[in-house]
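Some notes on the structure that comes next.
The values are calculated or read from the model by the stated rules, or taken from the named source; none is laboratory data. Worth saying up front: this structure is predicted, and the values here are computed from it rather than measured. Note that we place each Cβ from the backbone using ideal geometry, even for glycine, and neighbour counts take in every protein chain shown. Heads up: the accessible areas ignore ligands, DNA and RNA and are worked out on the full protein's heavy atoms, side chains in. Shrake-Rupley method; radii C 1.70, N 1.55, O 1.52, S 1.80 Å.
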Amino acid sequence: MSLEINNLTVELCADKHKHKGNCINVADSLFLSVNEGEVVSIVGESGSGKSFLGLSILRLNPQGVSKIISGEIKIKCKSQDKEIDILRLKPEELIGIRGRLISMIFQDPNTSLNPVMKIGEQITEAILAHKKVSKKSAKDTAIQYLNSMNIDGFARFGSYPYELSGGMRQRVMIAMAMVLNPCFLIADEPTTALDVTTSLQVLKLIKEIKEKSNIGVIFITHDLTVARSISDRTYVFYAGQIMESGNTENIINEPAHPYTVSLIKSIPSLSADYVPKQKLFTIPGFLTKDDFKKGKCRFYSRCFKRDDECLKDIALRNFKDLEKGGNGGRDVRCVKVNGL
Ligand SMILES: Nc1ncnc2c1ncn2[C@@H]1O[C@H](COP(=O)(O)OP(=O)(O)O)[C@@H](O)[C@H]1O
Ligand code: SF4
Ligand SMILES: [Mg+2]
């Protein structure tokens, strides 16, 4: 069982007329893979294109403004006899993929659930849309899945989303994502809107699901500490490109790319030289649309190591010596990292 993304490029245009100069590659020549029973994280700051990537895997990227230009998204599940390339499917064939083979937990549970429909009915509807089962059987399954998310399914079946806490709504979203037994799950910042305790419960739940169902998970987050707690491998993402990838622990212990180094320095709990009351390091500047443009390293405007050598497109290259005990090898996109 595997999901493999090869050379995926997604274009985003600021206006519908696609005037030259108004378009960027919000995903730029991406290579990414996840195997069964594996969690991979995509870590990067807001506006990097992480949600776009998640949505593009299901071909749910906003139409009109964005377009998948090239690439392959190959998926092989136990329930399928052959590998499928999602990008080659006809629109009507996508219904057999979404929810059934790949599910997504969307970034905001408050807007993803229908506010005027009971939560149990929303889960039942998802089952009935894909499976030929009776209404009673779908309802029983919905209750069972709510129970497995530590929500009293019987008592809460008739609740509306507004009657639940943020953590419960997120768990309803996870129940809905898992109810068709997909082989891959894309979780888009599922803990961002939650307090620390609830966030830990949701992370624990996702780990349990992965262990029980042996599914592959793509976990999107802006938080390296969250990535560390849940994932085997990490892709560090910036302005539509992978800057560094490899075993999560190895990346955190020995970051190679200046962006990863800066990210780690700005987290107090991970920074070895953190002194209480000392001003916390922040990466200068902001991520802007210009950073997505070609002809220079995308991290150039904020990088502490930049010089004229970086004023060209930088390729992602394999860094063999850096990965100790990792299973994915280390790739780094920087001209200043030795050993590439
Ligand atoms: N529906 C949309 N229409 C146009 N631009 C969008 C849309 N959604 C997001 N964007 C832009 O695409 C870029 C990537 O966004 P997104 O994938 O949401 O980033 P992330 O999830 O990493 O925060 C951002 O610059 C954002 O402003
Ligand atoms: S290529 Fe240059 S600008 Fe880009 S991360 Fe490396 S040192 Fe910084
Ligand atoms: Mg997002």
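Okay, residues lined up against (1) buried (at least 20 other Cβ atoms within 10 Å of the Cβ); (2) without any contact (Cβ under 8 Å) to a residue 12 or more places away in the chain; (3) part of a loop (DSSP other than H, G, I, E, B):
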{"position": "Val116", "(1), (2), (3)": "no, no, yes"}
{"position": "Lys139", "(1), (2), (3)": "no, no, no"}
{"position": "Ala142", "(1), (2), (3)": "yes, no, no"}
{"position": "Leu146", "(1), (2), (3)": "yes, no, no"}
{"position": "Asn150", "(1), (2), (3)": "no, no, yes"}
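With respect to being buried (at least 17 other Cβ atoms within 10 Å of the Cβ), at pLDDT below 95 and not small (Gly, Ala, Ser), Leu203 fits the description. Listed conditions (1) touching a residue at least 40 places away in the same chain (Cβ under 8 Å); (2) farther than 13 Å from Ile218 by Cβ are all met by Ser41, apart from (2).
No other residue among Gly158, Gly167 is modelled with pLDDT of 95 or more and either under 25 Å from the mean Cα position of the chain (by Cα) or assigned to a loop (DSSP other than H, G, I, E, B) (or both) apart from Gly158. Restricting attention to region 24-46, the residues that are open to solvent by 40 Å² or more (accessible area, probe 1.4 Å) and over 13 Å from the mean Cα position of the chain (by Cα) total 4. Report whether or not Ile242 is within 16 Å of ligand 2 (Cβ to nearest atom), more than 19 Å from the chain's Cα centre (by Cα), under 30 Å from Cys310 (Cβ atoms) and β-branched (Val, Ile, Thr). Taking the combined requirement at face value, the residue does not satisfy it. Taking the stated definitions as given, is Asp81 part of a loop (DSSP other than H, G, I, E, B), among the acidic types (Asp, Glu) and without any contact (Cβ under 8 Å) to a residue 40 or more places away in the chain? For Asp81, the condition - part of a loop (DSSP other than H, G, I, E, B), among the acidic types (Asp, Glu) and without any contact (Cβ under 8 Å) to a residue 40 or more places away in the chain - is met.
State yes or no: is Ile73 more than 16 Å from ligand 2 (Cβ to nearest atom), among the aliphatic types (A, V, I, L, M) and without any contact (Cβ under 8 Å) to a residue 60 or more places away in the chain? Spelling it out, it is not the case that Ile73 is more than 16 Å from ligand 2 (Cβ to nearest atom), among the aliphatic types (A, V, I, L, M) and without any contact (Cβ under 8 Å) to a residue 60 or more places away in the chain.
Per-residue answers, yes or no, for (1) touching a helix residue (DSSP H, G or I) at 6+ places or on another chain (Cβ under 7 Å); (2) among the aromatic types (Phe, Trp, Tyr); (3) surrounded by 19 or more Cβ atoms within 10 Å (Cβ to Cβ):
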{"residue": "Lys132", "(1), (2), (3)": "no, no, no"}
{"residue": "Gly153", "(1), (2), (3)": "yes, no, yes"}
{"residue": "Ser159", "(1), (2), (3)": "yes, no, no"}
{"residue": "Ala177", "(1), (2), (3)": "no, no, yes"}
{"residue": "Leu180", "(1), (2), (3)": "yes, no, no"}
{"residue": "Val217", "(1), (2), (3)": "yes, no, yes"}
{"residue": "His222", "(1), (2), (3)": "no, no, no"}
{"residue": "Arg233", "(1), (2), (3)": "yes, no, yes"}
